[in-house]
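Participant: Below you will find the structure I want to go over with you.
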Amino acid sequence: MSAVQIAHHSGNVASPVGSVVDLFRRLRARREIDRSPALLNSAMLLTLGAAAIHFAVAPDHLAEYTIYGVFFIGLGLAQVALAAAVVLVPSQRLFTLAPAGTAAVIGLWLLSRTVGVPIAPIPWHPEAVGFPDVVATLLEGISVIQFLRLFRRPRRPRGRGRIRAALKMIPMVLFAPLATYLGVGAALSPMPVAYNAAPFVPGQTSTSVVNLVAPPPRTERVKDFTLTASVTTIGGRQAWAFNGTVPGPELRVTQGDWVRVTLVNHLPAATSIHWHGIRVPNADDGVAGITQDAVAPGGIFVYEFIANDAGTFWYHSHQDAMNEIPKGLVGSIVVEPNDAAKSRVLDYSVLVHTQPGSDAIEVNGTSSLHLDAAPGDRVRLRITNGAVPGLDLAPLTPVLMGAPYVVAALDGHDLNGPQELGPERIPLAMGQRADLIFTMPAAGSVRLVGLKETTFPWESPSSPVVTIGDGPALTSVNVASIPSFDLTRYGTPALDPVADAGHYDVAREIVLGGGFAFRNGSADLTDTFSGMASPSIPPIRVREGQLVRLRIVNPGDHSAHPIHIHGHVFTVLAKNGRPLAGSPVHTDTVLVGPHETWDVAFKADNPGIWMLHCHILMHAASGMSMTINYDGISTPFTMGTRSGNVPE
Ligand code: C2O
Ligand code: CU
C-alpha cells in the first residue's frame, strides 16, 4: 500500500460523514446477497412487533414494579436494534445470536408464567398469562424459526426469484402487523386495577354504601341462616356449594321477617351472595366491588334485610359470577305471604340450574324431580331459571302438562286476575321466575317439561322433568308445537302508579349490541349497552323519589338478553311501543328478544349504587353491565385486579 493510499484512507476515516459512508459500504459488502429478502423482512417485522408490544406494556409495569418497566423498555430497544441488524447487517453470527437470545426471552417468559422469577413483586410466584404476552411470545417464536432458516443460508434465488420472494412475504406481511396491532391494542387497554363505580368526591358530602343497612330488628320474627360455601364432590363431579348441596338450601321466610344470613367462605376463592330480586338495603346486595369486598377464603359476611316483598327469589354468588354460578353457588329463597291462604296450598320451589362441571341442566340437583301431591290438592310451583343458557342463548320454555293452571306471578310479583291456561311454553330466561298454581287432576300426576337447552349435536343432555303427584306417565309431547305465553296480554288490567304516571324524571335508552374491541387486556368480542362496555358505561344518575324510564332496544337477530336490575322492580310499560293489554307486570329481569324494544320504568326508592346488567353471565362479564347511581351515595369498594373484586 502506497503512502498516498494510506493518507487517503486515514483522511477518510477522519471525516465523520465519510466514515459513516464507509461503514455502510463495508456493511453492504458483508451483506450476503443470497439470503432471501422475504425471510429477512419477516424476521424484522416479527421482531419489531414483539418490541412494540413490550413498549406498550412498559408504562403499566413501570407504575406497578419499576424493574419490570425498565426491563421491558430495554427488551424493546434490544429488539428494535436486532430488527435493524437483520436487514442491515445480516450475518452468520447474527443468526446464531438472534435465535439464541430470542429463545432465552421466551424461556424467561415461560419461567415467569410457571414457577416465577426471583426478581419480581412476589419472587418465585407465577404470573397470570395475558393476551399481549401470548402474542409477543408467538411473534418471537416464529422469528426464532425464521432466524434458524436464515442461518441455513438458503441458495441464491433463481429466475423469477424476486417475484417469488415477494409472494412468499405476503403471509408474514399480513400476519406480523395484525398480531402486533392486537397485542399492542390489548396491552394499551389493560384490566382496571381499581375501578370505583361511585367514588367519594372530596368536598362533597356523601353517604357510603356501607351505611345503607337494614334498621335494627324491631320484631321477634328474626330468621337466622348460615350458608357455608365450600368445595364438595357431587356425583363424582367437583362442585362449589352452599352447605354441601347444589342448589344450596331453600331459604323460606315470611313476608315482614327480619332475615340474617351469615356467609362463611371455605372456598379457595373469594365469593359473595346476591339476593336476586329482593329489594335489600344496598350494603346487603352482595355485589363484590360495589357494595362490599368479596369475602376472602376463610372470611365471613353477614347479610341482613327485611323480607318486604312476598315472592319467589333466588340467591347466587356475585363475585366472578360467570364462573362461580355454574359451579353451583345458587339457591332458592321464598318469601311466603303473610296470610292464612298459604296453608291450603302445597308450595314447592324448583330451581333449574347448571349441573356443576357439565353443560347439563338439573332441577333441585336432579334430572328427574318428584314432588308429592294428591288429586284435588292446590299446588303452587315456583320455577326459577338459574341455568346458564345453551348455545343459542335462548330462554328455557317450561311447559306444565296434565292440568290447567294460572301464571300467578312473574319474578315473584303477583299478576292481577290471571286466567286459566292450557299448556303454554313460558319463556323464562336466566334469572327469571314464574309461579304456576293448579289443582291436581284426578288422573294423579302433572309434569313440567320443556327444560331443554340447545347444545352441541354430539352432546345429548336429556331434558330434566319434574313430576308432581303419582299417576300414569304422560305420552311425550312435542314442546315446539305448543303456543307461547305472552305476558303483555295476560291477566286483567289494573291501576298501577308507575305505569300510569305518564311522566318520568329520568329516561335512558339502552341499545343492546356488541362487537370487537380491546378490553381488560385482551382483544375480544364485547357485549355493549349503547356501544359501551363496562366499566366505562356512564351510570344512570337518579335522586330518591324520581321515576326512571328505560327503553331497552335489541336490534340483534340472535340472542335474547335478560336485563336485570338490582334493588328495584321494573314496571313493564310497553313491548315494541305497544302498552300492556293485561295485568300490570312487575319484574326484576326483563327479557328483550331479537328485534324487540321494551319500555320499563321504576321508582327510585332505594338509595345506593345498583347494578343493571344482562343476566347471560358471559354478556355481563364482557361488557353488558352498568350501575344506577343515587346522588349523594359513594362506595369505598373498587373492582379490578388490585381489589380482587370481579362482580361479573
Ligand atoms: Cu342474579 Cu346481578 O344478578
Ligand atoms: Cu345478554
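The values are calculated or read from the model by the stated rules, or taken from the named source; none is laboratory data. No experiment lies behind these values; they were computed from the predicted model shown. In this analysis, Cβ positions are derived from the backbone assuming ideal geometry, glycine residues included, and neighbour counts consider all displayed protein chains. Calculation scope for accessible area: heavy atoms of the full protein, side chains included, ligands and nucleic acids excluded. Shrake-Rupley method; radii C 1.70, N 1.55, O 1.52, S 1.80 Å.
Participant: Hey, could you check segment 395-409 for residues that are β-branched (V, I, T) and under 15 Å from Q419 (Cβ atoms) and say which is surrounded by the most Cβ atoms within 10 Å (Cβ to Cβ)?
Facilitator: Filtering first and then ranking leaves V407.
Participant: Further, regarding this structure: Which of the strands (runs of 3 or more DSSP E) contained wholly in segment 239-282 include at least 1 residues that are among the basic types (K, R) and modelled with pLDDT of 95 or more?
Facilitator: 251-254, 258-265
Participant: Just one of A434, A442 is among the hydrophobic types (A, V, I, L, M, F, W, C) and under 16 Å from D588 (Cβ atoms); which is it?
Facilitator: Being among the hydrophobic types (A, V, I, L, M, F, W, C) and under 16 Å from D588 (Cβ atoms) holds for just one of A434, A442, which is A434.
Participant: OK, next. I'm trying to understand the selection: among the residues of segment 113-144, which are surrounded by 18 or more Cβ atoms within 10 Å (Cβ to Cβ), over 22 Å from F518 (Cβ atoms) and within 30 Å of the chain's Cα centre (by Cα)?
Facilitator: Residues satisfying the conditions do not exist here.
Participant: Can you tell me which residue within segment 560-613, out of those that are within 16 Å of ligand 2 (Cβ to nearest atom) and open to solvent by 20 Å² or more (accessible area, probe 1.4 Å), is nearest to E648 (Cα to Cα)?
Facilitator: Result: L591.
Participant: Which one of these is away from ligand 2 (no atom under 16 Å from the Cβ) and under 24 Å from the mean Cα position of the chain (by Cα): D285, D257, D309?
Facilitator: Only one candidate passes the filter, namely D285.
Participant: Within segment 470-479, is there a residue that is out of contact with any Ser or Thr (no Cβ under 7 Å at 6 or more places or on another chain), without any contact (Cβ under 8 Å) to a residue 60 or more places away in the chain, aliphatic (A, V, I, L, M) and within 16 Å of ligand 2 (Cβ to nearest atom)?
Facilitator: no
Participant: Continuing with this model, one more query. Which condition does D347 not pass, out of (1) at pLDDT 95 or above; (2) out of contact with any Lys or Arg (no Cβ under 6 Å at 6 or more places or on another chain); (3) of a type in the set (D, E), if it passes all the others?
Facilitator: So D347 meets the others, but not (2).
Participant: So, in segment 575-615, how many residues would count as being assigned to a strand (DSSP E or B), hydrophobic (A, V, I, L, M, F, W, C) and either free of Cβ contacts under 8 Å to residues at least 40 places away in the same chain or in contact with a helix residue (DSSP H, G or I) (Cβ under 6 Å, 6 or more places away or on another chain) (or both)? Walk me through how you get there before you give the answer.
Facilitator: Taking segment 575-615 as the starting set, the residues that turn out to be assigned to a strand (DSSP E or B) are 575, 578-579, 586-587, 589-592, 596-603, 609-614.
Then keep just the ones that are hydrophobic (A, V, I, L, M, F, W, C); that gives 590-592, 598, 600-602, 609-612, 614.
Subsequent filtering for residues that are either free of Cβ contacts under 8 Å to residues at least 40 places away in the same chain or in contact with a helix residue (DSSP H, G or I) (Cβ under 6 Å, 6 or more places away or on another chain) (or both) retains 590, 609, 614.
Of the residues in segment 575-615, 3 are assigned to a strand (DSSP E or B), hydrophobic (A, V, I, L, M, F, W, C) and either free of Cβ contacts under 8 Å to residues at least 40 places away in the same chain or in contact with a helix residue (DSSP H, G or I) (Cβ under 6 Å, 6 or more places away or on another chain) (or both).
Participant: In addition: Which of the residues spanning segment 232-261 are under 21 Å from K327 (Cβ atoms) and open to solvent by less than 60 Å² (accessible area, probe 1.4 Å)?
Facilitator: T232, A239, W240, A241, F242, G244, V246, P247, G248, P249, L251, V261
Participant: If you take the residues of segment 525-538 that are open to solvent by 30 Å² or more (accessible area, probe 1.4 Å) and over 30 Å from T454 (Cα atoms), which of them is modelled with the lowest pLDDT?
Facilitator: S536
Participant: Given P418, P427, P472, P464, which one is away from ligand 1 (no atom under 16 Å from the Cβ) and farther than 21 Å from V379 by Cβ?
Facilitator: It is P427.
Participant: Here is a further query. What pairs can you find where one residue is in segment 121-145 and without any contact (Cβ under 8 Å) to a residue 12 or more places away in the chain, the other is of a type in the set (D, E, K, R) and not in a helix (DSSP H, G or I), and their Cβ atoms are less than 8 Å apart, with a gap of 6+ or different chains?
Facilitator: Between residues of segment 121-145 that are without any contact (Cβ under 8 Å) to a residue 12 or more places away in the chain and residues that are of a type in the set (D, E, K, R) and not in a helix (DSSP H, G or I), there is no close pair.
Conditions (1) more than 16 Å from ligand 1 (Cβ to nearest atom); (2) hydrophobic (A, V, I, L, M, F, W, C); (3) on the phi < 0 side of the Ramachandran plot, marked per residue:
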site: V548; (1), (2), (3): yes, yes, yes
site: H558; (1), (2), (3): yes, no, yes
site: H568; (1), (2), (3): no, no, yes
site: T571; (1), (2), (3): yes, no, yes
site: K575; (1), (2), (3): yes, no, yes
site: T589; (1), (2), (3): no, no, yes
site: I628; (1), (2), (3): no, yes, yes
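Participant: May I pose another question? Given V350, V302, V379, which one is in a strand (DSSP E or B), among the β-branched types (V, I, T), more than 16 Å from ligand 1 (Cβ to nearest atom) and within 28 Å of V193 (Cα to Cα)? Steps first, please.
Facilitator: On the way: V350 fails: within 28 Å of V193 (Cα to Cα); V379 fails: within 28 Å of V193 (Cα to Cα).
That would be V302, the only listed residue that is in a strand (DSSP E or B), among the β-branched types (V, I, T), more than 16 Å from ligand 1 (Cβ to nearest atom) and within 28 Å of V193 (Cα to Cα).
Participant: Let me ask something else. Looking at segment 305-323 only, could you name the residues that are surrounded by fewer than 24 Cβ atoms within 10 Å (Cβ to Cβ) and assigned to a helix (DSSP H, G or I)?
Facilitator: Passing the criteria: M322, N323.
Participant: Looking at P398, P389, P375, which is the one that is closer than 23 Å to E424 by Cα and within 16 Å of ligand 2 (Cβ to nearest atom)?
Facilitator: Values: P398 fails: within 16 Å of ligand 2 (Cβ to nearest atom); P375 fails: within 16 Å of ligand 2 (Cβ to nearest atom).
Answer to the selection: P389.
Participant: Name the residues in segment 287-304 that are open to solvent by less than 20 Å² (accessible area, probe 1.4 Å) and closer than 13 Å to R260 by Cα, would you?
Facilitator: Hit for segment 287-304 is Y303, nothing else.
Participant: Name the single residue, out of those in segment 594-619 being of a type in the set (V, I, T) and more than 24 Å from P584 (Cβ to Cβ), that is nearest to ligand 1 (Cβ to nearest atom).
Facilitator: I616
Participant: Quick one: D557 ticks every box in (1) at pLDDT 90 or above; (2) within 16 Å of ligand 2 (Cβ to nearest atom); (3) surrounded by 17 or more Cβ atoms within 10 Å (Cβ to Cβ); (4) assigned to a loop (DSSP other than H, G, I, E, B) except a single one, so which number is it?
Facilitator: Of the numbered conditions (1) at pLDDT 90 or above; (2) within 16 Å of ligand 2 (Cβ to nearest atom); (3) surrounded by 17 or more Cβ atoms within 10 Å (Cβ to Cβ); (4) assigned to a loop (DSSP other than H, G, I, E, B), the odd one out for D557 is (3).
Participant: When segment 578-587 is examined, which residues are found to be away from ligand 1 (no atom under 16 Å from the Cβ) and of a type in the set (V, I, T)?
Facilitator: If the condition is that a residue be away from ligand 1 (no atom under 16 Å from the Cβ) and of a type in the set (V, I, T), then V585 is the only one that fits.
Participant: Is at least one residue of segment 620-632 within 16 Å of ligand 2 (Cβ to nearest atom) and closer than 26 Å to G491 by Cα?
Facilitator: Checked segment 620-632: no residue is within 16 Å of ligand 2 (Cβ to nearest atom) and closer than 26 Å to G491 by Cα.
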